[in-house]
Amino acid sequence: MTAPSRTMPPQTSVALSKKEKGGSSAPIVSLEIRAPKLPQMTPSFVQLRTLVQRLVQDAFNELQMMVDSISSIGMSSEEKKSRIVKYALDTRKQFIKLLVLEAWSHDAPSVTELINIKTWLDSESTVCTRTVELLMLTRKLTSAARIRNPDLETAIEILSTGRPQTAMMKRYVPPPELTSADILKICHNLNAQLSIRLGLHENIPPYFRGYKIASGRATFTAKDEFEVDLSISDDNPKSQFYVIDVRPIYEPAIRPLPQSILKTLELQGNHVLFERGLEGIFDYLHNYFLTTKIETLHRQVSEMRWGRWTENLHITQHKRTLVIQYWPQRSGEQKSMEKSWIEVGIKRGIKGGPSRLGARWVREGQEMKDIEVPLDVANLSAEELVKTTISMHTKHILKTLQLKLYSIPLFKTPGTVTFVQHPTDSLETYLRIQLTPSKECKVLIEPITGRFAIQKPSEKAAKLEMDINNSPIARAADYVSRFRGLVLQEEVEQRARSMGWDVLKFLQLRKEELKPHFPTNTQYLLYIRRRGWLPNWVIAFVLSDTGESWWATQIEEKPLGWTISIALRIPTKGDMNVTYRFLENLEKMAAGFISLYVNHLELESRNVQHRFAPSKVVGSSYTSPIQLPDLYFRSESFIKAARGVINVLQISFQGLAEADGHCTIICMGRTNEPMTQISSTPLSTDESDVSFHPQSGSYAIRFIIRVGESIIPQVIEKLHRIECLISFVTVIRKFQLNCTHVSLGRVVFRYSDDPAHTAEISFTGEMEMKLILPEGSPHNRMKTLLQKTLNEKNQTAESNETTGLATVIKTLIATLPLMVEFNAIEYSLPKTTTVDDFSILIRGIDGFRMEYKNKKSTIDIRLQNRRSMMYWYFTDPAASGNCFLAPDGKVCAQLKEIWMGEGVGWYGLKNGAAAKLAGTRDLVRKCHELIWGKSGSQRAVE
């Protein structure tokens, strides 16, 4: 809504009237001023219905976006609820605003009038404010237009002599403006005069000889300090120079200088130029900017004290000397350490040169005369100065510590102690100490406080920091040596716990138990076990004079304590550092080593012929520098030779499972014949525990077991189920069907070209087989009968366990067109249809009845095999020659048209009709249309 830019002028009306007095009349004019009309803002309004439409559309769009977002995969239920609540709250707020607007709309004329009044008042206020501003500006601009007092003296002189005084005329008549050519000519003349004067008449100081002349001025530069522009007023060589401009050329500095400072420098500089010339102006500006630099550093240090350097810097200034003391608390804690500070002040010039800004370093009470403290006078930075000095001090302390550590035999190995230096950053200057083969630490000095710090932080590192910081530096090497020994003992336990291993502190074995299994020079023993393993298997870490070793150990608890029954050294290769990767590989290696050994013991106890051989498994998820062998054995020793299964089986370790403490073992074998009707299913992407290779007939069984368990009992049970699966696959292959899923307890196959027509046979455990049909399957109406047929046939046919499955598959294929058409007929019926109007009776897997009670009609449908082909025979049980008399002769006469007719895939038999599977749907549809009526049998979907 926008207000009009101008208000309407008031309307004026004039009324004329006559008044009679003394026989004469005179017109009387009355002036009436009417109030202006208010500006109308209606054209900028939005209709309420438009607003409602837009809000509803926006709410709908947001709802669609919310539904799409919560339907994405990976979003938790809490996130979905949060999105729904947020949408509801936001939409509610918008509709509350709409409700308020709707309430206002009931009094729309009053609200519109109020808006118009408010708009008019705002415009009038703006006009009033602008009028006052214009009046004030006019008063300000006209103050200089006051006419000067008349100069009578000059007027008398001009009137008497006829010639004005030139000096007086300049007060009233401005000089003519200079053209660009005049200005250029003046600059050229000044440049020439400055060149002649500076080249022939002036004694220029050495530090001012790098000058340049341009634009009528000479610019002199003092390196890293300032630039000054000088010029002259006439061509007299004895006349003085004048200061035109002064600019600092270091960082940080204010550019341009404030007018007050520049004016002071100009006045004082002109006076110095008059008294001492160029030498004096250099000394004056040089001393001024040196003092300014010291003040800049003082200000920077003060800012540092208010930041992260609080209470760690002390500042004092005496005249033009700035003293910065660092690490004040450290010198107080360690009594043997003196104070350290930096002095910034004015130093004498080198070889007769001008004075300069310099720094002096006092380290622990001693002045470092041979060490130059770098001070960048072109880019002043107090923090950089302090950091650089502290970095040099840190280097001195750490190098002293390194030399003391080299005197200890434990640290004499090359590479054990490494000194890393950074020129300015103390945090990047440190000692890298290799505490163990796989763990190191950094000894550094915190630059702000000066205290020692140990990285990476730990409880023992904190103890070391406290010991070093509370003792003289001379004893730091002893504390570091002790720290290394503690870390070496703790490292294995710490990393093992972080990787999910349990450290068995309670397992204390006698020395007599250890001697037969472990090296005699063992110094340190650690027992760990992965969570989820069987409790009788542990891993022993042995640290001896000869190095580190790892052992797979089987323990037993006896009345006198724990004993070791088996100790097998785990072969390791490559880097022996106890890193997280090493422990991960150790877990894989130990899990495979123990699992294969346990199965070896199981086979040995059963007197099963077996042997180990190098692994030939390709695509295994297990990777290790050392490849574990595979275990081969003959199954005929503990199970009868299964039909279609080759006798030799292979057990292979495939790595760790997702469950903690579990591993994956693969048992592989082959069948005598290919199984091309089964799709190959990778174990890694399927929930099943079996995978087949159709072309070769090979299969693999996956076992996810706890480490230390044997899979031999499970293998025996799985082999029985594989035989059953092979029989099922044989039946499925006989009918040339496609399997979509195969496992040892579940087979899913498709019995038509439609992907929705699938069936699942579940035969897990000791329970009876179960038929599972998807929701919406046309065979759901006869699922109970199919389930009964599947199990009854299977139990009675001892010679062939798959007879029930074959019967079910035949029934599914033969009844599919019938069931699909039944569903289509029921879908097309009106919603008011009852059972008496139409019903389907299932009399068996090969017989059905379509019953129309209200129309007194019935059709029997029965499956029969004729000349190795399946036909569906349609008969009217009420017709002559059937079971009972016809209840309605008219219907029988109508069916006679079909019995005497012929169609695609079906033909009449005079007293019935026969249909192949392809023509079944057409025949069912025609019979239904004939009895029900064509007008009511039009299907919504085919």
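Give me the accessible area of Tyr524, 1.4 Å probe, in Å² rounded to the nearest 10.
For Tyr524, the solvent-accessible surface is approximately 50 Å².
Ordering Tyr284, Tyr827 from largest to smallest accessible area (1.4 angstrom probe), what's the sequence?
Values: Tyr284 60, Tyr827 145 Å².
Ranking Tyr284, Tyr827 by accessible area, largest first, yields Tyr827, Tyr284.
Expressed as a whole number of Å, what is the distance separating the alpha-carbon centroids of the stretch 231-251 and the stretch 342-419?
Rounded to whole Å, the Cα centres lie 43 Å apart.
Taking amide H positions as placed in the peptide plane 1.01 Å from N, state which residues far from Asp689 in sequence (5 or more) or on other chains have amide H under 5 Å from it.
Leu744
How much net charge surrounds Leu198 when only the other residues with a Cβ under 11 Å from the Cβ of Leu198 are counted, with Lys and Arg +1 and Asp and Glu -1?
That works out to +2.
Exceeding 29 Å between C-alpha atoms, which entries from my cross-link table qualify? They are Lys783/Lys926; Lys505/Lys588; Lys319/Lys399; Lys319/Lys369.
Lys319/Lys399
Report the gain in length on full extension from Gln53 to Leu178: 0.36 nm times residue separation, minus Cα-Cα distance, nm rounded to one decimal.
37.8 nm
How much FRET efficiency would the formula 1/(1 + (r/R0)^6) give for Asp376 and Arg305, where r is the Cβ-Cβ distance and R0 is 22 Å, rounded to 0.05?
0.55
Amide H neighbours of Arg451 under 5 Å, counting only residues 5+ apart in sequence or on other chains, H built in-plane at 1.01 Å?
Those lying under 5 Å, H to H, from Arg451 are Glu446.
Please list 3J(HN,Hα) in residue order for the stretch 467-478, calculated via the Karplus relation 6.51 cos²θ - 1.76 cosθ + 1.60 where θ = phi - 60°; whole Hz, with x for glycine and proline.
So the J values, rounded to whole Hz, are 5, 5, 6, 9, 9, x, 5, 4, 9, 5, 4, 5.
Please calculate the 1.4 Å probe accessible area of Trp361, with all protein chains present, and give it to the nearest 10 Å².
0
Within the set of other residues whose C-beta is less than 15 Å from the C-beta of Gly776, count the net charge using Lys and Arg as +1 and Asp and Glu as -1.
-1
Sequence-distant or interchain residues sharing an amide H contact under 5 Å with Leu504, placed H: which?
HN-HN under 5 Å from Leu504: Tyr527, Ile528, Arg529.
Using Cα positions and a limit of under 19 Å, work out the lysines in reach of Lys463, with same-chain residues fewer than 8 apart set aside.
Lys439, Lys442
Provide the net charge surrounding Glu760, with neighbours chosen by a C-beta distance below 13 Å and charges set as Lys +1, Arg +1, Asp -1, Glu -1.
Combined, the nearby Lys, Arg, Asp and Glu give +3.
Could you tell me the accessible area of His201 in Å² (1.4 Å probe, neighbours in place), rounded to the nearest ten?
Answer for His201: close to 110 Å² accessible.
Using a 1.4 angstrom probe with every protein chain in place, what is the largest-first accessible-area order of Thr50, Thr131?
Correct descending sequence by accessible area is Thr131, Thr50.
Put Leu48, Leu114 in order of accessible area, largest first, 1.4 Å probe: what do you get? Walk me through the numbers on the way to the answer.
Values: Leu48 65, Leu114 115 Å².
These residues rank, largest area first, as Leu114, Leu48.
From the phi of every residue in the stretch 419-426, what ³J(HN,Hα) in whole Hz does the Karplus formula 6.51 cos²θ - 1.76 cosθ + 1.60 yield, where θ is phi - 60° and glycine or proline is x?
9, 10, 10, 10, x, 10, 9, 5
The values are calculated or read from the model by the stated rules, or taken from the named source; none is laboratory data. Only a predicted model underlies this, so the values are computations on that prediction, with no experimental measurement involved. Note: ideal-geometry Cβ built from the backbone for every residue, glycine included; neighbour counts use all protein chains shown. Heads up: the accessible areas ignore ligands, DNA and RNA and are worked out on the full protein's heavy atoms, side chains in. Shrake-Rupley method; radii C 1.70, N 1.55, O 1.52, S 1.80 Å.
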